[in-house]
Amino acid sequence: MPEKTHAEAKTKLPLHELIRRINAKAKKEVIKRASEVDNSYVIRRPCGVFSIDLNTGGGLPAGTMVEIVGPEGAGKNLLSDLYLAETQRIFGDDFKCFVLTSEYKYDKLRARQNGVKVALSDEEIDTLEEAQGAAFTAEERADLRSQVGEFYLIEDGQAETLL
């Protein structure tokens with residue numbers, strides 16, 4: 001009987017032995033039975049747009065990183081802003097968020113127009129006043145400085161590096 005090649009021998013391993021070897025090589029249990037893994041995606045966060053929430057099974061998974069990709073002009077920023085605004089509405093001051101942008105800076109003014117309560121800096125407010133040619137009232141400036149919850153921006157780099 002001819003001897004089996006290494007590749008052929010590997011494919012004939014019982015599944016449990018293959019899993020044991022992979023986990024041993026990784027020095028941790030990277031392969032588990034599905035029934036042994038907690039499903040952290042049970043809780044979903046809606047964006048407030050019925051058709052999107054319906055098609056995403058109630059919204060995006062809570063407590064995890066979500067990446068929204070697509071061609072330019074597809075509405076990625078609008079969609080992410082809708083989710084952020086709805087999550088701020090639901091959680092108020094308990095809202096915590098990290099937004100990572102790799103192609104350009106996060107447009108806080110547009111985000112505010114989309115319902116996100118993110119604070120503008122005094123420098124941004126001054127620039128906005130200069131561009132409009134009119135000063136804001138103290139109340140308007142206070143509103144532009146206001147924010148709901150904690151909001152962090154991660155910018156300046158390529159997505160692969162930032163992640």
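The values are calculated or read from the model by the stated rules, or taken from the named source; none is laboratory data. Remember, it's a predicted structure, so these values are computed and weren't measured experimentally. With ideal geometry, Cβ positions are generated from the backbone for all residues, glycine too; neighbour counts draw on all protein chains shown. Side chains are part of the model used for accessible areas, which takes the heavy atoms of the whole protein and leaves out ligands, DNA and RNA. Shrake-Rupley method; radii C 1.70, N 1.55, O 1.52, S 1.80 Å.
Per residue, the convex hull spanned by the alpha carbons of the chain comes to 207 Å³. Stretching the chain fully between Ser35 and Phe136 yields a gain of 30.6 nm (0.36 nm per residue, less the alpha carbon separation).
When the chymotrypsin sites (Phe, Trp or Tyr not before Pro) in the stretch 86-163 are filtered for DSSP coil states and for at most 10 other beta-carbon atoms within 10 Å of their beta-carbon, the remaining sites are Tyr104. Any chance you could give the angle, 0 to 90 degrees and rounded to 10, that helix 76-91 forms with the longest Cα principal axis of the chain? Between the helix axis and the principal axis of the chain, the angle is about 80 degrees.
With contacts taken as Cα pairs under 8 Å at a separation of at least 6 residues, the chain carries a relative contact order of 20 percent. If the chain linking Thr127 and Arg89 were pulled fully straight, counting 0.36 nm for each residue of separation and taking away their Cα-Cα distance, it would gain 10.9 nm. Quick one: with all protein chains in place, what share of the accessible area of the stretch 78-148 is carbon or sulfur, to the nearest percent (1.4 Å probe)? Carbon with sulfur: 51 percent of the solvent-accessible area.
Along the chain, the longest continuous region that contains none of the trypsin sites (Lys or Arg not before Pro) in a DSSP loop with at most 11 other C-beta atoms within 10 Å is 34-104. The GluC sites (Glu not before Pro) found in the stretch 64-140 that occupy coil by DSSP, while having at most 15 further C-beta atoms within 10 Å, are Glu67, Glu72, Glu103. Straight-distance candidates among the lysines for linking to Lys12, with alpha-carbon spacing under 17 Å and chain neighbours fewer than 8 residues away dropped: Lys4.
A probe of 1.4 angstrom, applied to the heavy atoms of all protein chains, finds Val66 with accessible area near 60 square angstrom.
Listed by chain and number, the aspartates and glutamates whose alpha-carbon sits under 14 Å from that of Lys117, ignoring those within fewer than 8 places in the same chain, are Asp81, Glu86, Asp93, Asp94, Asp107, Glu140, Asp143, Glu150. Per residue, the chain reaches -11500 deg cm²/dmol at 222 nm when only DSSP H runs of four or more residues are counted, each adding -39500 (n - 2.57). Given their separation in residues at 0.36 nm each and the Cα-Cα distance between them, Arg20 and Ala74 gain 15.0 nm when the chain is fully extended.
Accessible surface computed residue by residue for the stretch 46-97, with neighbouring protein chains in place and a 1.4 Å probe, gives 63 Å² per residue.
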